[in-house]
Structures are given as structure tokens and as C-alpha cells.
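Contents: one structure, followed by commentary.
Quick note: the coordinates plus some simple rules give every number you see, no bench work behind them. Source: prediction; values computed, not measured. With ideal geometry, Cβ positions are generated from the backbone for all residues, glycine too; neighbour counts draw on all protein chains shown.
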Amino acid sequence: MDTRLKYQSIIKSVLQNHADYRATLPDGYTCQLVFDDERGQYLVLDLGWNGDKYLHATPIHISLIGNKVWIQYDDTEEGVATDLIAAGISREDIVLGFRHPKIRQHTGFAVA
């Protein structure tokens, strides 16, 4: 299995686990997954009503660019990078895209 296909599979599995967990939260919101293999875009969406408050949020956004996994946004407690590493993606192949390029070198992850 080539690296890109392997990473697509891992990303989908990790995001499915996050969606399953979010579905157990008693907040009234629905969790949806958006997978676009052709463009390498993977999202977790929270949406819906909780009383009078409407939510439409993207707590996790991951892009697959080349053979690198770019975490574009991560609003989770533990960090989705931890789950990706545990699932078999090396730190050297994960870019924290939400970190400024000048500080990526200090994160212990890939810089680009």
C-alpha cells in the first residue's frame, strides 16, 4: 500500500473515532465527517441547535499534501496528532499547519 493510501485510511479511522466520541456528548449537536480523497481534505464538523444557540464549527481539519499530513486546525483536548502517531503516522510526516512557520521547527514535527 502506498503511503498516501495508507495515510488516507489512518486519517479516516482517527476522525471516525473522534466523531463517535463527539456523538456521545449531551450537547445537542450533530457530528459529521467530510472526506475528500481526491483533494486530500478531511474534516470533522459539529452542527446543530442547543437551545437558542446554533453551532457550525470545524473542530478538526486535516489535509494530505504530498506525503505529509497537515493538521490545519485542531480544537481537541489531547491533540489529533497524538492519535495519528498512535495509529502509525510518524512525527516526521505530520505538519502542524496551524503553527506559524517560524515556530514549526521547535514543535518536534515536520516543518513542511
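Taking amide H positions as modeled 1.01 Å from N, with prolines and chain starts lacking one, the residues under 5 Å from Tyr73 and 5 or more places away or on another chain are His61.
In this simple spin-label approximation, Asp20 and Thr58 carry label points 7 Å from Cα along the Cα→Cβ vector, and these lie 2.5 nm apart.
Just the number, please: percent antiparallel of the DSSP beta bridges in the chain, rounded to the nearest 5. Expressed as a percentage, antiparallel bridges in the chain total about 85. The Asp27 and Ala87 beta-carbon pair, evaluated with R₀ = 22 Å, returns a calculated FRET efficiency of approximately 0.25.
Helical content of the chain, expressed as a calculated mean residue ellipticity at 222 nm, amounts to -8500 deg cm²/dmol (DSSP H runs of 4 or more residues, -39,500 (n - 2.57) each, divided by residue number, nearest 500). Computed across region 1-62, the Kirkwood hydrodynamic radius from all distinct Cα-Cα pairs reaches 12.5 Å.
Shown here is the pair-distance distribution of the chain: with all Cα-Cα distances grouped in 5 Å bins from zero up to the longest one, the shares run 2, 12, 22, 24, 17, 12, 7, 4, 1, 0 percent. Using only Cα atoms, tell me the angle between helix 3-23 and the longest principal axis of the chain; keep it within 0 to 90° and round to the nearest 10. Taking Cα atoms only, the helix is inclined about 30 degrees. Annotation: for a label point projected 7 angstrom from Cα along Cα→Cβ of Lys102, residues of region 60-96 with backbone N closer than 19 Å are 96.
Just Ile85, Ile71, Ile94 to compare: in a GNM of the chain, with alpha carbon springs under 10 Å, which one fluctuates most? So, out of Ile85, Ile71, Ile94, the one fluctuating most is Ile85. At a threshold of 8 angstrom on Cα-Cα distance, excluding pairs fewer than six apart, so keeping six or more, what relative contact order does the chain reach in percent? Rounded, it is 19 percent for the chain.
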